[in-house]
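A.B. asks: What follows is a single structure, and I will ask about it in a moment.
Just so you know, all these numbers are worked out from the coordinates, no wet-lab data involved. Predicted, not measured: the structure shown is a model, and the values here were computed from it. Heads up, the Cβs are rebuilt from the backbone with ideal geometry, glycines too, and the neighbour counts pull from every protein chain shown.
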Amino acid sequence: MSVIHDLGYARYAGERRPPSTIWRVIMRQHLAFAWKTKWRLKPWLLGAAGISLVVGTLMYLQKNELVSALRSVGRPVSWIDGALPMSFDYFRIPAFMVTMTIGAAVIARDRESGAFTFYFARPVRPLDYVLGKLAGQLVLMAMIFLIGPVLLTIFRIAISESTREALDQLILVPKVLLVGTLATWMYAALPLAVSAVSSRRTIAFGLWAGYYIMVAKIVANVGALLWLPLKAFDPGSAVQSLAMRIFDMTVQGEKLAPMWAAIISLIVQPAIAVAIIVMMVKREAAGSVGGSG
Amino acid sequence: MSQGAQRGSSGLSGAEATLALARLALVRAIRGRALWITAALALLPVIVVSVRVGLGHDHDDVWRTAFELTLLTLPIVPSILIGPSLADELEDKTSAYLWSRALPRWTIITGKLVGLAPIAAAILIVALSVSWMVIGGPAAVPVGVAIGGLVGVGAAALTGSAMVAGLSTLLPRHAVAVSVVWLLFVDSSIGALPLKLRYLSISFGGRTLAGFTDVGLAAGTITLVALAGVGVAIAVVRIARME
């Protein structure tokens, strides 16, 4: 004789969170998603760790050797001083990898899989969604642009030969934090915006690669020819220019964008990107189940 | 082997199936947005070329710049055109429908490549041709030099397409990302090395055919043919082993 189970409605008996914490749930889900497989995040984190290790080793072993490509106030620069600003040029590579495996696909994947319907059928506001995804992406980028450079800065201070030198080097901390934070902001927000305007994941990857490799580079090329501040339009050039300028260094045979242009680019482009993300997600929410549109 | 076995139960031979799939890939590409996005991106170097011509830069320098900037689209154009076309099929398991038609599995690879790789090559060739015309055409850059450049970017695009096909079957979930990263960082870095290792680079092969390296045309041709062969071989072996 079969048993009939009552599968009818049962009140939710779990924990109830205030709406203001929903973005944290989305952020945690984003981080868990990034960590889940072998190829999304782990190799690039290892790459960033490798860069930190190599740069730190060079700082220590070659500290009095000169870096042929760098100058500071017209004078050659030794590895112990030049390695830190130069390292941002290398950290850009794993950062771009993370944008290609995670950042550029995040929102497009949710659209493609129809996840927005489930998000906005629950009491999740578009702003919670944007804040959660953006915060998750900021954490991922900070792992590359902040942890490595800050550890290198601490190492640089630690290998000072005197207390006075160590105290003098403390000024490096806010400089590295500024460059790392702005780079994190740039590399987190821009790919998310490209993802928000794309209907499919593969299109989003293509668009982001096209923007990063071609559009930004072409504008930077034109800037180098006509008006140098325009060079800061390229995310990579903006980070490199800011890192070099803030450390009073120049790269031989390369024109850097002015510091003000780099800072403006690193603040304004991501701000516009966030506005685009909010607009696109609000449009999705309005068209989803329970939306008013 | 009987003719029936060669043709399979669908009644199509390998060549016929390849052409049918190529036509399908082409129609999808023309109807989709990826083709137009890549074409627009490939034409961007013309802006830099125009500015440099306007500033009166040396024609040889501008031609070299045009070639290098057009080659910069190599990680993007084949990756966007061929990567999703193959990867979506494998990821969404729609390839299973093709297999149920008893088509030889390798025709999925050859079909996509026959349909899309020439498009990728044509995009780069047209983009460089426009740059050539902006520089001043035959009066500024001799026809022989220009043809070398056009062959260089075209052949690099064909080889890049084959490599993308191979990478897409290896990691279908990250096909576009892996292809872009391979061609942008790995291939171009290897190609810039002053070592024999550069013979393993598509960008080096393209530059050699364009006459921008100190190596003979034969070496560039062999490099590109060998790399294309490796890409197609990986793709064919992988797709044959898929469930």
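A.B. asks: List residues of region A:49-91, by number, whose backbone nitrogen lies under 19 Å from a label position 7 Å along Cα→C-beta of A:L170.
C.D. replies: none
A.B. asks: Related question: Averaged across A:219-232, how many Cβ atoms of other chains sit within 10 Å of each residue's Cβ atom? Provide the component values of the computation, followed by the final result.
C.D. replies: Numbers: counts 3, 1, 9, 5, 0, 2, 6, 3, 0, 0, 0, 0, 0, 0.
Shielding by partners across A:219-232 averages 2.
A.B. asks: Going by average Cβ neighbours within 10 Å, how do the peptides A:258-266, A:10-18 rank, with the highest at the top?
C.D. replies: Numbers: A:258-266: 19.6, A:10-18: 6.1.
Highest to lowest by the protection proxy: A:258-266, A:10-18.
A.B. asks: Now for a separate question. I'm checking a number: the convex hull volume of the Cα atoms of region A:108-232, normalised per residue, in Å³. What is it? Could you put the intermediate results ahead of the total?
C.D. replies: Details: hull volume 18.3 nm³, N = 125.
Considering the Cα atoms of region A:108-232, their hull volume per residue is 147 Å³.
A.B. asks: Pairing the Cα long axis of helix A:42-61 with the longest principal axis of chain A, what angle in degrees results, from 0 to 90 and rounded to the nearest 10?
C.D. replies: Around 20 degrees separate the two axes.
A.B. asks: While we're looking at this one, here's another question. Return the distance in nm (one decimal) between the two label points of a simple spin-label model at A:E161 and A:Y9, each offset 7 Å from Cα along Cα→Cβ.
C.D. replies: 7.9 nm
A.B. asks: Could you give me the ³J(HN,Hα) list for region A:124-133, computed from phi with Karplus coefficients 6.51, -1.76, 1.60 and θ = phi - 60°, whole Hz, x at Gly and Pro?
C.D. replies: So the J values, rounded to whole Hz, are 9, 8, x, 5, 4, 4, 4, 4, x, 5.
A.B. asks: Divide by every residue of chain A the summed helix terms, -39500 (n - 2.57) for each DSSP H run of at least 4, and state the resulting mean residue ellipticity at 222 nm, rounded to the nearest 500 deg cm²/dmol.
C.D. replies: Details: 13 runs with 194 residues, N = 293.
The helix contribution divided over chain A gives -21500 deg cm²/dmol.
A.B. asks: On a full-extension model of 0.36 nm per residue, what is the gain between A:A286 and A:D248, subtracting their alpha-carbon distance, rounded to one decimal in nm? Don't skip to the end; give the middle numbers.
C.D. replies: Working: separation 38, 0.36 × 38 = 13.68 nm, distance 4.94 nm.
Here the segment from A:A286 to A:D248 would lengthen by 8.7 nm.
A.B. asks: If R0 is 30 Å, what FRET efficiency do you get for A:A275 and A:K38 from their C-beta distance, rounded to 0.05?
C.D. replies: Values: r = 35 Å, r/R0 = 1.16.
Approximately 0.30, to the nearest 0.05.
A.B. asks: Take every residue in peptide B:34-45, count the Cβ atoms of other chains within 10 Å of its Cβ, and give the average of those counts. Display every interim value, and only then the final one.
C.D. replies: Values: counts 5, 0, 0, 4, 3, 0, 3, 9, 2, 1, 7, 4.
Per-residue shielding by partner chains comes out at 3.
A.B. asks: Across the residues of B:78-84, average count of Cβ atoms on other protein chains within 10 Å? Could you put the intermediate results ahead of the total?
C.D. replies: Details: counts 0, 5, 7, 1, 0, 3, 6.
Mean number of neighbouring Cβ atoms from other chains: 3.
A.B. asks: Step through the residues of region A:246-253 one at a time and calculate ³J(HN,Hα) from phi using the Karplus curve (6.51 cos²θ - 1.76 cosθ + 1.60, θ = phi - 60°), rounding each to whole Hz and writing x for Gly and Pro.
C.D. replies: Result, ordered by residue: 5, 9, 6, 10, 10, 9, 4, x Hz.
A.B. asks: Also: What helices in chain B pass both tests, a Cα length along the helix axis of 27 Å or more and a mean Kyte hydropathy of -0.5 or higher, using whole DSSP H runs?
C.D. replies: In chain B, the long hydrophobic H runs are B:106-135, B:143-170, B:217-241.
A.B. asks: If you scale each eigenvalue of the Cα gyration tensor by 5 and take the root, what three semi-axes come out for the protein assembly as shown, rounded to whole angstrom and sorted largest first? Before the final figure, lay out each step's value.
C.D. replies: Working: eigenvalues 302, 267, 94 Å².
For the protein assembly as shown, the semi-axes come out at 39, 37, 22 Å.
A.B. asks: If I take R0 = 51 Å and measure r between the Cβ atoms of A:S20 and B:R64 in this structure, what FRET efficiency does the formula 1/(1 + (r/R0)^6) give, to the nearest 0.05?
C.D. replies: 0.35
A.B. asks: Under a 10 Å cutoff between Cα atoms, tell me which one of B:G83, B:G166, B:G14 has the largest fluctuation in the Gaussian network model of chain B.
C.D. replies: B:G14
A.B. asks: Loop only per DSSP, at most 16 neighbouring Cβ atoms within 10 Å: give me the chymotrypsin sites (Phe, Trp or Tyr not before Pro) in region A:26-96, ordered by residue number.
C.D. replies: Numbers: sites: A:F33, A:W35, A:W39, A:W44, A:Y60, A:W79, A:F88, A:Y90, A:F91, A:F96; in loops: A:W39.
Those that pass, being in a loop and sparsely packed, are A:W39.
A.B. asks: Let me ask another. Report, in degrees rounded to the nearest 10, the 0 to 90 angle that the Cα long axis of helix A:172-196 makes with the longest principal axis of chain A.
C.D. replies: 40 degrees
A.B. asks: Could you grab the relative contact order for chain A? Cα pairs under 8 Å, six or more apart, rounded to a whole percent. Spell out each step's value before the answer.
C.D. replies: On the way: 397 pairs, mean separation 66.5, N = 293.
Reported relative contact order: 23 percent.
A.B. asks: On alpha carbon coordinates alone, what is the Rg over Rh value for region B:11-240, Rh being the Kirkwood radius?
C.D. replies: On the way: Rg = 18.0 Å, Rh = 17.9 Å.
Dividing the radius of gyration by the Kirkwood radius yields 1.00.
A.B. asks: Relative to a virtual label point 7 Å from the Cα of B:V143 in the Cα→beta-carbon direction, which members of region B:109-129 show backbone nitrogen distances below 19 Å?
C.D. replies: B:126, B:128-129
A.B. asks: How big is the charge dipole of the protein assembly as shown about its Cα centre, in debye rounded to the nearest 20, if each Lys and Arg gets +1 on its Cβ and each Asp and Glu gets -1 on its Cβ?
C.D. replies: Details: 46 positive and 27 negative charges, 272 e Å.
Value, rounded to 20: 1300 debye.
A.B. asks: R0 = 30 Å: FRET efficiency of A:K63 with A:L228, Cβ-based, nearest 0.05?
C.D. replies: On the way: r = 32 Å, r/R0 = 1.08.
Efficiency for this residue pair is about 0.40.
A.B. asks: Rank these for me by crowding, A:D110, B:D88, A:D89, A:D234, going from fewest to most other beta carbons within 10 Å.
C.D. replies: Working: A:D110 21, B:D88 18, A:D89 15, A:D234 24.
The fewest-first ordering by Cβ neighbours comes to A:D89, B:D88, A:D110, A:D234.
A.B. asks: Same structure, new question: DSSP loop (so not H, G, I, E, B), at most 12 other Cβ within 10 Å: list which chymotrypsin sites (Phe, Trp or Tyr not before Pro) in region A:185-230 pass both filters.
C.D. replies: Of the chymotrypsin sites (Phe, Trp or Tyr not before Pro), the ones in loops of region A:185-230 whose Cβ has at most 12 other Cβ atoms within 10 Å are A:W227.
A.B. asks: With +1 assigned to the C-beta of every Lys and Arg and -1 to the C-beta of every Asp and Glu, and no other charges, what is the dipole magnitude of chain A about the Cα centre in debye, to the nearest 20?
C.D. replies: Details: 29 positive and 15 negative charges, 150 e Å.
In total the dipole reaches around 720 debye.
A.B. asks: If you build the Cα gyration tensor of chain A and take the root of 5 times each eigenvalue, what three semi-axes come out, in whole angstrom, biggest first? Spell out each step's value before the answer.
C.D. replies: Numbers: eigenvalues 358, 103, 48 Å².
The three semi-axes for chain A are 42, 23, 16 Å.
A.B. asks: Which of A:A83, A:A115, A:A196 moves most in a GNM of chain A, Cα contacts under 10 Å?
C.D. replies: Answer for the Gaussian network model of chain A: A:A115.
A.B. asks: Then there's this: Using a Gaussian network model of chain A with C-alpha springs under 10 Å, which one of A:S72, A:S20, A:S87 is most mobile by mean-square fluctuation?
C.D. replies: A:S20
A.B. asks: Among A:M27, B:M163, A:M186, what is the fewest-to-most ranking by other Cβ atoms within 10 Å? Don't skip to the end; give the middle numbers.
C.D. replies: Working: A:M27 20, B:M163 26, A:M186 23.
Ordered by Cβ neighbours within 10 Å, fewest first: A:M27, A:M186, B:M163.
A.B. asks: On to the next question. Given H placed 1.01 Å from N in the peptide plane, which residues other than close sequence neighbours of A:V67 have an amide H under 5 Å from its amide H?
C.D. replies: A:V77, A:S78, A:W79
A.B. asks: Using Cβ counts within 10 Å as a stand-in for footprinting exposure, how do B:V230, A:V219, B:V153, A:V98 rank, fewest first? Numbers along the way, then the final one.
C.D. replies: Working: B:V230 15, A:V219 19, B:V153 30, A:V98 26.
The fewest-first ordering by Cβ neighbours comes to B:V230, A:V219, A:V98, B:V153.
A.B. asks: With 5 Å bins from zero, work out the P(r) of region B:113-243 over every alpha carbon pair and list the percent per bin.
C.D. replies: The calculated distribution, bin by bin, is 2, 11, 18, 22, 19, 14, 8, 4, 2, 1, 0, 0.
A.B. asks: For the pair B:R173/A:R125, report the inter-label distance in nm, with labels modelled 7 Å from Cα in the Cβ direction.
C.D. replies: 3.4 nm
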